[in-house]
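The values are calculated or read from the model by the stated rules, or taken from the named source; none is laboratory data. On a predicted model such as this, the values are computed, not experimentally measured, just so you know. Glycine gets a Cβ as well: all are built from the backbone with ideal geometry, and neighbour counts include every protein chain shown. Ligands, DNA and RNA are excluded from the accessible area calculation, which covers all protein heavy atoms including side chains. Shrake-Rupley method; radii C 1.70, N 1.55, O 1.52, S 1.80 Å.
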Amino acid sequence: MTNSGSRLRILTQNMFMRPPLIKTNKSDWKDERLDYFIDHILDNYDVVCLQEMFEFASSRRSRLFAAAEKLGFKFYVASQRQFPWNLAIDGGLVVLSRYPIVESDSFEYQRGIGPDWMAKKGVLYAKIAMADGDTHVHLFTTHTQASYGEVVITQPDVKRRLAQLFEFHNFLERVLPKHRAAGEAVVLTGDFNVDSRNHVLSDPAKAKYEREVEDGVETSDEGQAMMAVLEGRGIDPKVLGPDNTDEFRGKTTYVLHDALKERLGYHPVTFGNIVVDNEGGVSPRETVLTTKLDSMVMHSIDYVLWYNPDSAEHNASIVAELADVGVVPNFTPDREFTQISDHYGVSAEIAFK
């Protein structure tokens, strides 16, 4: 598929491609899901940001790169490979691009806690040159500390996640002044593992289950903290507990826009969705890949964040605008697995005028 260069189509997708021998239920269908992604999804985009596309002890990432190149994705950056003597697996991050990546960088977060200690999670940066050669998009993708089970903002994994997001902010402070010109768009993508839904039923008398739209309008405490940390505004340290002293306040403040929330008016479900039948019964939308612990949690944890404050004042001949953004479930009809991953993807389209 070709593109004139007037629009840039972006996908962010947690691929759930964990190393060999790790599986949720009977099978994770890793090879089959990767084949489906290559054959039916990849070619619809110009830039693809992947999380949990692990290279450790597997040839799947190399197979993806070879197939992507045949489809016109000539450029990529990826998490650094790890070996058994590193006592870690790689961060699982990949950025594929049809357009030249003229600058790139990466940062490894402080190690996670619990099962996340094994993966060197972090953030990737790619400066992408559009067809005219003078217009650039600054793209970041990340995967942060996960929570397992019920999430309370005072628990240690939440603080570690926010600490990693503060490292992300500091990475922005280092990279953007060096590589970004005024008026150039910045896009932050990935599985942030921060659930922005507050899971409070707005009308319990009307529905006993959580509704995606009506009950997804309010932002959770951690969702608010995430934006404050990424923007550099910092937080009240007591939010994370009476003994916490970390404010996570940056030197520079960026005004970031949660593109999905602003476009839709609510935080859409991207993980652990439900299905409601005609009688009001509720069941999990996905059961092949999702653990029982995460079944029907209705989390909103995958994001596209937009930063381009000076585009209106910039006097360049081309200005970038976020033309569209939405959740793409990437269902896989007539397969042993019902989705490409346990996560939905998020797509965005940037228009250049």
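Residues are listed down the side, and each one gets a yes or a no for (1) polar (S, T, N, Q); (2) within 25 Å of Ser300 (Cβ to Cβ); (3) open to solvent by 50 Å² or more (accessible area, probe 1.4 Å); (4) touching a residue at least 24 places away in the same chain (Cβ under 8 Å):
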position	(1), (2), (3), (4)
Thr12	yes, yes, no, yes
Leu21	no, no, yes, no
Asp35	no, no, yes, no
Ile41	no, yes, no, yes
Val47	no, yes, no, yes
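Taking interchain pairs and intrachain pairs at least six residues apart, which have beta carbon atoms under 6 angstrom, with the first residue in region 327-353 and without any contact (Cβ under 8 Å) to a residue 60 or more places away in the chain and the second open to solvent by 20 Å² or more (accessible area, probe 1.4 Å) and in a strand (DSSP E or B)?
Partner pairs satisfying both residue conditions: Gln339/Phe331.
In region 23-33, which residues are under 10 Å from Ile340 (Cα atoms) and free of Cβ contacts under 8 Å to residues at least 60 places away in the same chain?
Residue satisfying the conditions is Lys30 alone.
Working carefully through the options Arg263, Arg233, find the one that is under 18 Å from the mean Cα position of the chain (by Cα), of a type outside the set (A, V, I, L, M, F, W, C) and open to solvent by 70 Å² or more (accessible area, probe 1.4 Å). First the steps, then the outcome.
Working: Arg233 fails: under 18 Å from the mean Cα position of the chain (by Cα).
Only one candidate qualifies: Arg263.
What strands (runs of 3 or more DSSP E) completely inside region 72-154 contain at least 3 residues that are open to solvent by 20 Å² or more (accessible area, probe 1.4 Å) and free of Cβ contacts under 8 Å to residues at least 40 places away in the same chain?
Qualifying strands (runs of 3 or more DSSP E): 101-108.
Quick test for you: out of Asp28, Asp43, pick the one residue that is within 25 Å of Glu286 (Cα to Cα), modelled with pLDDT of 95 or more and assigned to a loop (DSSP other than H, G, I, E, B).
Values: Asp43 fails: assigned to a loop (DSSP other than H, G, I, E, B).
Only one candidate passes the filter, namely Asp28.
Looking at region 308-320, which of the residues that are open to solvent by less than 80 Å² (accessible area, probe 1.4 Å) and more than 20 Å from the chain's Cα centre (by Cα) is modelled with the highest pLDDT?
Quick first cut of region 308-320, residues open to solvent by less than 80 Å² (accessible area, probe 1.4 Å) only: 308-311, 314, 316, 318-320.
From what is left, the residues that are more than 20 Å from the chain's Cα centre (by Cα) are 309-311, 314, 316, 318-320.
On the way: Pro309: 77, Asp310: 66, Ser311: 56, His314: 55, Ala316: 58, Ile318: 70, Val319: 85, Ala320: 90.
Once the filter is applied, the top-ranked residue is Ala320.
Cβ contacts < 8 Å: first residue within 20 Å of Tyr303 (Cα to Cα), restricted to region 165-177; second residue in a helix (DSSP H, G or I) and open to solvent by 10 Å² or more (accessible area, probe 1.4 Å), any location; separation 6+ or different chain. Result?
Close Cβ pairs (under 8 Å, with a partner that is in a helix (DSSP H, G or I) and open to solvent by 10 Å² or more (accessible area, probe 1.4 Å)) amount to His169/Glu231.
Please indicate, with yes or no, whether at least one residue in region 48-62 is modelled with pLDDT under 95 and either assigned to a strand (DSSP E or B) or acidic (Asp, Glu) (or both).
Yes, the conditions are met somewhere in region 48-62.
Please verify whether region 273-285 includes one or more residues that are closer than 26 Å to His343 by Cβ, touching an Asp or Glu at 6+ places or on another chain (Cβ under 7 Å) and either surrounded by fewer than 16 Cβ atoms within 10 Å (Cβ to Cβ) or free of Cβ contacts under 8 Å to residues at least 60 places away in the same chain (or both).
Checked against the condition, which is being closer than 26 Å to His343 by Cβ, touching an Asp or Glu at 6+ places or on another chain (Cβ under 7 Å) and either surrounded by fewer than 16 Cβ atoms within 10 Å (Cβ to Cβ) or free of Cβ contacts under 8 Å to residues at least 60 places away in the same chain (or both), region 273-285 yields no hits at all.
Residues in region 335-353 that are part of a strand (DSSP E or B) and open to solvent by 20 Å² or more (accessible area, probe 1.4 Å): how many?
Final tally of qualifying residues: 3.
In contact with a Pro (Cβ under 7 Å, 6 or more places away or on another chain) and not aromatic (Phe, Trp, Tyr): does that describe Ala88?
It is false that Ala88 is in contact with a Pro (Cβ under 7 Å, 6 or more places away or on another chain) and not aromatic (Phe, Trp, Tyr).
Being open to solvent by 20 Å² or more (accessible area, probe 1.4 Å) and either basic (Lys, Arg) or touching a residue at least 24 places away in the same chain (Cβ under 8 Å) (or both) is the filter here, so list the residues in region 55-64 that pass it.
If the condition is that a residue be open to solvent by 20 Å² or more (accessible area, probe 1.4 Å) and either basic (Lys, Arg) or touching a residue at least 24 places away in the same chain (Cβ under 8 Å) (or both), then Glu55, Phe56, Ala57, Ser58, Arg60, Arg63 are the ones that fit.
Please state which one of Ile101, Ile38, Ile113, Ile89 is under 19 Å from Glu349 (Cα atoms) and β-branched (Val, Ile, Thr).
Answer to the check: Ile101.
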